[in-house]
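The next block holds one structure in the form of C-alpha coordinates; read it before the comments.
The values are calculated or read from the model by the stated rules, or taken from the named source; none is laboratory data. The structure displayed is predicted, hence computed values, not measured ones. Note: ideal-geometry Cβ built from the backbone for every residue, glycine included; neighbour counts use all protein chains shown.
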Amino acid sequence: MGQKLVSGPGSPNSGVQPTDQELCLVVDDRWGFCCQFVTVEAECYLLPFQRLVFVETDRSGATLKAVFSSHEVLLKGRNLAQVKDALARSRNFTVRAVDVRRTEDYRDEDLFISCIEVTEIESDAALSPDSRKPAPEGV
(Lines give C-alpha, C1' and ligand atoms only; values in the text may rest on other atoms or scores of the structure.)
Protein backbone atom coordinates (compact mmCIF):
# COMPACT_ATOMS: atom_id res chain seq x y z
CA MET A 1 0.00 0.00 0.00
CA GLY A 2 1.08 3.55 -0.57
CA GLN A 3 1.05 6.66 1.48
CA LYS A 4 -2.28 8.29 2.39
CA LEU A 5 -2.37 12.00 3.17
CA VAL A 6 -4.92 12.66 5.88
CA SER A 7 -5.02 16.32 6.85
CA GLY A 8 -3.33 19.46 5.65
CA PRO A 9 -3.92 23.06 4.66
CA GLY A 10 -6.16 24.30 1.90
CA SER A 11 -9.29 23.10 0.22
CA PRO A 12 -9.43 19.47 -0.90
CA ASN A 13 -10.52 20.80 -4.30
CA SER A 14 -7.69 23.29 -4.62
CA GLY A 15 -5.55 20.92 -6.65
CA VAL A 16 -2.52 21.82 -4.52
CA GLN A 17 -0.83 18.86 -2.86
CA PRO A 18 0.60 19.91 0.54
CA THR A 19 4.13 18.85 1.45
CA ASP A 20 4.80 16.48 4.36
CA GLN A 21 6.00 19.48 6.39
CA GLU A 22 2.56 21.09 5.97
CA LEU A 23 0.64 17.99 7.02
CA CYS A 24 -0.19 17.34 10.64
CA LEU A 25 -1.00 13.66 10.06
CA VAL A 26 0.39 11.31 7.43
CA VAL A 27 -0.75 7.69 7.46
CA ASP A 28 1.77 5.39 5.80
CA ASP A 29 1.13 1.65 5.56
CA ARG A 30 4.59 0.92 4.14
CA TRP A 31 6.45 0.66 7.44
CA GLY A 32 6.22 -1.12 10.81
CA PHE A 33 3.85 -0.94 13.73
CA CYS A 34 4.73 2.39 15.28
CA CYS A 35 3.85 6.03 15.31
CA GLN A 36 6.19 8.94 14.84
CA PHE A 37 5.76 12.28 16.60
CA VAL A 38 7.66 15.29 15.22
CA THR A 39 7.78 18.50 17.27
CA VAL A 40 7.95 22.04 15.87
CA GLU A 41 11.66 21.94 16.77
CA ALA A 42 11.99 18.83 14.50
CA GLU A 43 12.62 16.45 17.41
CA CYS A 44 11.40 13.02 16.34
CA TYR A 45 10.00 10.29 18.62
CA LEU A 46 9.18 6.82 17.28
CA LEU A 47 6.95 4.82 19.64
CA PRO A 48 5.64 1.26 19.06
CA PHE A 49 1.91 0.53 19.27
CA GLN A 50 2.63 -2.48 21.49
CA ARG A 51 3.58 0.01 24.23
CA LEU A 52 0.39 2.10 23.94
CA VAL A 53 -1.54 1.99 27.23
CA PHE A 54 -4.38 4.46 26.63
CA VAL A 55 -5.47 7.58 24.72
CA GLU A 56 -7.78 10.33 25.92
CA THR A 57 -8.99 13.66 24.55
CA ASP A 58 -10.77 16.59 26.12
CA ARG A 59 -14.33 17.38 25.04
CA SER A 60 -13.29 20.19 22.73
CA GLY A 61 -10.83 18.01 20.80
CA ALA A 62 -8.06 20.52 21.50
CA THR A 63 -5.91 18.25 23.69
CA LEU A 64 -4.97 14.60 23.27
CA LYS A 65 -2.88 12.53 25.66
CA ALA A 66 -1.41 9.21 24.53
CA VAL A 67 0.28 7.20 27.26
CA PHE A 68 2.80 4.56 26.27
CA SER A 69 4.62 2.33 28.77
CA SER A 70 7.74 4.47 28.47
CA HIS A 71 6.50 7.91 27.33
CA GLU A 72 3.56 10.28 27.60
CA VAL A 73 2.66 12.29 24.51
CA LEU A 74 0.57 15.45 24.77
CA LEU A 75 -0.84 17.03 21.60
CA LYS A 76 -2.44 20.46 21.49
CA GLY A 77 -4.34 21.82 18.54
CA ARG A 78 -7.69 21.38 16.84
CA ASN A 79 -9.76 18.40 15.64
CA LEU A 80 -7.47 15.81 17.23
CA ALA A 81 -10.05 13.01 16.82
CA GLN A 82 -8.25 11.96 13.60
CA VAL A 83 -5.10 11.22 15.61
CA LYS A 84 -7.12 9.33 18.24
CA ASP A 85 -8.72 7.27 15.46
CA ALA A 86 -5.32 6.46 13.92
CA LEU A 87 -4.05 5.36 17.34
CA ALA A 88 -7.16 3.25 17.97
CA ARG A 89 -6.72 1.52 14.61
CA SER A 90 -2.97 1.03 15.17
CA ARG A 91 -2.28 2.76 11.87
CA ASN A 92 1.31 3.58 11.02
CA PHE A 93 1.55 7.34 10.94
CA THR A 94 3.55 10.49 11.45
CA VAL A 95 2.10 13.31 13.54
CA ARG A 96 3.77 16.67 13.00
CA ALA A 97 3.34 19.91 14.91
CA VAL A 98 3.15 23.01 12.75
CA ASP A 99 4.28 26.50 13.72
CA VAL A 100 1.32 28.18 15.41
CA ARG A 101 1.77 31.20 13.12
CA ARG A 102 0.50 28.99 10.28
CA THR A 103 -2.98 28.58 11.84
CA GLU A 104 -4.63 30.74 9.16
CA ASP A 105 -3.43 28.31 6.45
CA TYR A 106 -5.73 25.61 7.86
CA ARG A 107 -9.52 25.47 7.64
CA ASP A 108 -11.51 25.16 10.87
CA GLU A 109 -12.37 21.54 10.05
CA ASP A 110 -8.72 20.58 9.37
CA LEU A 111 -6.59 18.80 11.90
CA PHE A 112 -4.09 21.29 13.26
CA ILE A 113 -1.39 20.44 15.79
CA SER A 114 0.42 23.37 17.35
CA CYS A 115 2.33 21.53 20.07
CA ILE A 116 3.67 18.06 20.76
CA GLU A 117 5.24 17.38 24.14
CA VAL A 118 6.86 14.01 24.79
CA THR A 119 8.01 13.12 28.28
CA GLU A 120 9.68 9.96 29.47
CA ILE A 121 7.85 8.07 32.18
CA GLU A 122 10.03 7.13 35.11
CA SER A 123 10.56 3.41 35.62
CA ASP A 124 8.91 1.55 38.50
CA ALA A 125 12.33 1.19 40.13
CA ALA A 126 12.71 4.96 40.21
CA LEU A 127 9.30 5.23 41.88
CA SER A 128 9.91 2.56 44.52
CA PRO A 129 9.23 3.58 48.14
CA ASP A 130 12.96 3.39 48.95
CA SER A 131 13.78 5.95 46.24
CA ARG A 132 11.39 8.47 47.80
CA LYS A 133 13.09 8.53 51.17
CA PRO A 134 14.58 11.92 52.05
CA ALA A 135 18.34 12.24 51.91
CA PRO A 136 20.05 11.94 55.27
CA GLU A 137 20.72 15.27 56.93
CA GLY A 138 24.16 16.70 56.39
CA VAL A 139 24.58 15.12 52.95
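A quick yes/no check of all residues on (1) at pLDDT 90 or above; (2) closer than 15 Å to Leu52 by Cα:
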| site | (1), (2) |
| --- | --- |
| Val67 | yes, yes |
| Glu72 | yes, yes |
| Lys76 | yes, no |
| Asn79 | no, no |
| Gln82 | no, no |
| Ser90 | no, yes |
| Thr94 | no, no |
| Glu104 | no, no |
| Glu109 | no, no |
>> Yes or no: segment 124-138 includes at least one residue that is exposed (fewer than 14 other Cβ atoms within 10 Å of the Cβ), under 20 Å from the mean Cα position of the chain (by Cα) and at pLDDT below 85.
In response: no
>> As an exercise: evaluate Val38 against (1) farther than 20 Å from Arg107 by Cα; (2) at pLDDT below 70 and give the number of the one condition it does not meet.
In response: (2)
> Limited to segment 49-91, what total is found for residues that are assigned to a helix (DSSP H, G or I), farther than 19 Å from Ile121 by Cβ and touching a Leu at 6+ places or on another chain (Cβ under 8 Å)?
Replying inline: 4
>> Here is a list: Leu25, Leu46, Leu80. Which entry is without any contact (Cβ under 8 Å) to a residue 40 or more places away in the chain and crowded, with 19+ Cβ neighbours inside 10 Å?
In response: Leu80
> Could you list, in sequence order, the residues of segment 92-121 that are assigned to a strand (DSSP E or B) and of a type outside the set (D, E, K, R)?
Replying inline: Phe93, Thr94, Val95, Phe112, Ile113, Ser114, Cys115, Ile116, Val118, Thr119
>> Looking at segment 62-75, I want the residues that are free of Cβ contacts under 8 Å to residues at least 12 places away in the same chain and have a partner that is charged (D, E, K, R) with Cβ atoms under 6 Å, at least 6 apart or on another chain. Which pairs are those?
In response: Lys65/Glu56
> Is there a residue in segment 74-83 that is out of contact with any strand residue (DSSP E or B) (no Cβ under 7 Å at 6 or more places or on another chain), under 21 Å from Leu46 (Cα atoms) and of a type in the set (S, T, N, Q)?
Replying inline: no
